[in-house]
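**Student:** My structure is below; once you've seen it, I'll send some questions.
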C-alpha cells in the first residue's frame with residue numbers, strides 16, 4: 001500500500017441521529033450525523049408509519065374496494081353476450 005494516501009481512521013467516531021440517539025463506531029470522520037438509526041427506524045421498532053403523498057394511499061384503497069364490484073359487472077356482461 002502507498003504511504004500517506006489513506007484517510008485517518010478514528011476508532012471512536014460518534015454517530016448522532018435525528019431522534020437524539022448517539023453511539024460510537026469506527027470511521028474516517030470524527031463525527032457523523034444521520035437522519036434515521038436502528039432506534040427510530042420502523043423496521044427495527046415494529047411501528048409502521050404510513051406517509052400519504054397526494055392521496056395515493058386513499059386512491060389505492062378505493063380502487064381495491066371497487067375491484068370486486070367491477071369483476072361481477074364484467075361477468076354479468078359476458079353472460080349477457082353469450083345468451
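Values in this text are rule-based calculations from the coordinates and carry no lab data. Source: prediction; values computed, not measured. Positions of Cβ are generated from backbone atoms using ideal geometry, with glycine treated the same way; all protein chains shown enter the neighbour counts.
**Student:** Using Cα atoms only, what is the angle between the long axis of helix 56-82 and the major principal axis of the chain, expressed in degrees (0 to 90) to the nearest 10?
**Tutor:** Its long axis makes an angle of about 30 degrees.
**Student:** Compute the FRET efficiency between residue 76 and residue 48 as 1/(1 + (r/R0)^6), taking r as their Cβ-Cβ distance and R0 = 35 Å, and round to the nearest 0.05.
**Tutor:** With a Förster radius of 35 Å, E is 0.40.
**Student:** Could I ask something else about it? Send over the Kirkwood Rh of the chain, from the inverse of the averaged 1/r over different Cα pairs, rounded to one decimal Å.
**Tutor:** About 18.4 Å for the chain.
**Student:** Something else: Over region 1-66, what is the relative contact order in whole percent, taking alpha-carbon pairs under 8 Å and six or more residues apart?
**Tutor:** 22
**Student:** Let me ask something additional. Antiparallel versus total DSSP beta bridges in the chain: what percent is that, nearest 5?
**Tutor:** Bridges in the chain are about 55 percent antiparallel.
**Student:** What FRET efficiency would be calculated for the residue pair residue 16, residue 57, taking the C-beta separation as r and a Förster radius of 41 Å, to the nearest 0.05?
**Tutor:** For residue 16 and residue 57, the calculated efficiency is 0.80.
**Student:** Quick check on the chain: helices-only [θ] at 222 nm, where DSSP H runs of length 4 and up contribute -39,500 (n - 2.57) each and the sum goes over total residues. Nearest 500, please.
**Tutor:** Rounded to the nearest 500, it is -12500 deg cm²/dmol.
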